[in-house]
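Novice: So that we are looking at the same thing, I have put the structure below in structure tokens.
The values are calculated or read from the model by the stated rules, or taken from the named source; none is laboratory data. Since the model is a prediction, treat every value here as computed from it, not as a measurement. Positions of Cβ are backbone-derived with ideal geometry, glycine not excepted, and every protein chain shown enters the neighbour counts. To get the accessible areas, we keep the full protein, side chains included, count just its heavy atoms, and leave off ligands, DNA and RNA. Shrake-Rupley method; radii C 1.70, N 1.55, O 1.52, S 1.80 Å.
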Amino acid sequence: MFSFNMFEPHVGRGFQNRFSAQYRCYSVSMLPGPNDRSDVDKGGKIIMPPSALDQLSRLNITYPMLFKLTNKNSDRMTHCGVLEFVADEGICYLPHWMMQNLLLEEGGLVQVESVNLMVATYSKFQPQSPDFLDITNPKAVLENALRNFACLTTGDVIAINYNEKVYELRVMETKPDKAVSIIECDMNVDFDAPLGYKEPERHMQNPEEPAEEETDPSNYDVDFGFRAFTGSGNRLDGKKKGIEPSPAPLDPSDIKRGIPNYEFKVGKITFIRNARQQPRRFDIDEMATNFIAFSGEGQSLRKKGRKP
């Protein structure tokens, strides 16, 4: 009554939505051509042959194109995007850090399959060296470097370049899945303590020990006190004139401690000023009797007899 041919279109449609191929992989440094393609090592995208583009164009796949790379010999896998379709047939070129995660050597076989990944909402990274802490704004540096990546996989160790130095970061966690797409997404980023990082030791104070030792003014080792104008000058010719004065020793009784203000109230400021001696006021009558006009004496450049 029922025919089995009714399931064939569904099977064929499911097969057409999936791309799967096996290639020999090489690092980007093996890519032929005069142009330097070191920029491929700074991201998470691979270079595939033109036949892959021809096959993908015939399939009903979703964009952007994301792929799952699997090394069946070591049972290691990761995810990536595609940058170009200019590789030789049967060959694909991978970033060096990606080959290290897959435990692949030059010319090793890798299985490439098309996948659909969820958009990332959260990711956590662990720097593999304490040198990463020297970066002033690590989140901004990571955000700029992730523009060359298409997806992240939990457990991978990615490599980013900053200031002519390579920093390795392990992907500790990704949400909402272990493999996520980071293309046009709003993702929260967090950092774990770098590998090998040790927090500075903090010396905890023993509560039994007093915070500050009580000191007695009589125990101060004061030999010399400040005396105004007791220094010596220097001459331009280097000669020394006279004997250099030495500061006089202070007696412990000369040291006076401040007296606290026992009438101090919180919220009020008291300005204490020294009482100045008022100048003496002369009586006008006294000044009139003692004042004599033109009673001074003049000075002359020539030595002559003084005029009365």
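Novice: Remind me, what semi-axes does segment 88-132 give for its equivalent ellipsoid, largest first in whole Å, using sqrt of 5 times each Cα gyration tensor eigenvalue?
Specialist: Numbers: eigenvalues 139, 74, 13 Å².
Whole-Å semi-axes of the equivalent ellipsoid: 26, 19, 8.
Novice: Highest mean first, how do 145-154, 171-180 rank when packing is the count of other Cβ atoms within 10 Å averaged over residues? Please report the intermediate quantities before stating the final value.
Specialist: On the way: 145-154: 19.8, 171-180: 17.1.
Answer by packing, highest mean first, reads 145-154, 171-180.
Novice: Now, a different point. Can you give the FRET efficiency for Tyr122 and Met30, using 1/(1 + (r/R0)^6), R0 = 35 Å, r = Cβ-Cβ distance, to the nearest 0.05? Can you show the working numbers first?
Specialist: On the way: r = 36 Å, r/R0 = 1.03.
So the FRET efficiency works out to roughly 0.45.
Novice: At 7 Å along Cα-to-Cβ for each site, give me the label-to-label distance between Leu109 and Lys268 in nm.
Specialist: Rounded to a tenth, the inter-label distance reads 9.5 nm.
Novice: Give the dimensionless ratio obtained when the Cα radius of gyration of segment 127-201 is divided by 2.2 N^0.38 Å. Don't skip to the answer; put the middle values down first.
Specialist: Values: Rg = 12.7 Å, N = 75, 2.2 N^0.38 = 11.3 Å.
Normalised Cα radius of gyration, segment 127-201: 1.12.
Novice: Exceeding 18 Å between C-alpha atoms, which entries from my cross-link table qualify? They are Lys45/Lys139; Lys124/Lys175; Lys42/Lys165; Lys124/Lys198; Lys175/Lys198. All intermediate terms of the calculation are to be shown ahead of the outcome.
Specialist: Details: Lys45/Lys139 21 Å; Lys124/Lys175 9 Å; Lys42/Lys165 11 Å; Lys124/Lys198 20 Å; Lys175/Lys198 28 Å.
Lys45/Lys139; Lys124/Lys198; Lys175/Lys198, as the Cα separations exceed 18 Å there.
Novice: Given a 1.4 angstrom probe, I'd like the percentage of the accessible area of segment 103-208 that is carbon and sulfur, rounded to a whole number.
Specialist: On the way: 3050 of 6800 Å².
The computed percentage sits at 45.
Novice: Which value, in Å to one decimal place, does the Kirkwood hydrodynamic radius take for segment 52-195 when every pair of different Cα atoms is included? Show your work: numbers first, answer last.
Specialist: Details: mean 1/r = 0.0616 Å⁻¹.
The answer is 16.2 Å.
Novice: Can you tell me the length gained on complete extension of the stretch Phe294 to Arg18, counting 0.36 nm per residue apart and subtracting the Cα distance?
Specialist: Values: separation 276, 0.36 × 276 = 99.36 nm, distance 12.31 nm.
Taking Phe294 through Arg18 to full extension adds about 87.1 nm, to one decimal.
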